[in-house]
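Contents: one structure, followed by commentary.
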C-alpha cells in the first residue's frame, strides 16, 4: 500500500555549498541518518543522474539492503531525486537545498511503498518514517552548525 508523500525541512546556519558537499558525501550518511549503517557509492565520478548507491540500514526494526539510483540532479547539486532499484520495497526521495538569509534550507520528500514487507498499517509506517526524517534533519543541523 503506497504511503502519502512525506516532507520535512530544516534551516541550517551554514553556507549552501557546504551543506550540499556534506550531504553529497555518502560517508557522512551514518553521521546524520540514525537508521543508516553504511552507504557506498557504486559508480565512479561525482554524483549525477545515473549514480548508484548501495545502502544498509535499519528500517522499522529490520535490517535492509537496497540500491538507490539518482534519477535527476541539477548541476550544482541543489536539487536531486533518487529511487530504489533493489531492495524489499519501493522508495523515492528528493532533496532541495536553498540559500536563505543566514544559511541554507534543506527540504526532503519521501514516498514509500511497503507492499507486503511490513504487516502494519500504512499510517503507522508513515508516522514512524516522518519522525525519523525530522530527527535526521535535526542531527544534520547540529553537526553542520557545530562545524563537523
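At a glance:
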| quantity | calculated |
| --- | --- |
| Highest-fluctuation residue, 23, 106, 70 considered, GNM on the chain with Cα pairs under 10 Å | 23 |
| Where labels lie 7 Å past Cα in the beta-carbon direction, separation of residue 138 and residue 62 in nm | 2.7 |
| 222 nm mean residue ellipticity, helices alone, for the chain (DSSP H n ≥ 4; -39,500 (n - 2.57); rounded to 500) | -8000 deg cm²/dmol |
| The chain: C-alpha pair distances exceeding 22 Å, % | 37 |
| Among 54, 96, 62, residue whose mean-square fluctuation peaks in a GNM of the chain (springs only between Cα atoms under 10 Å) | 62 |
| Packing-based exposure ordering (other Cβ within 10 Å, fewest first) of 100, 20, 64 | 100, 64, 20 |
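Computed from the coordinates by the stated procedures, all read-outs in this text should not be read as laboratory data. Here the structure is a predicted model, which means the values were calculated and not measured. Using ideal geometry, Cβ is built from the backbone for each residue, glycine included, and neighbour counts are taken over all protein chains shown.
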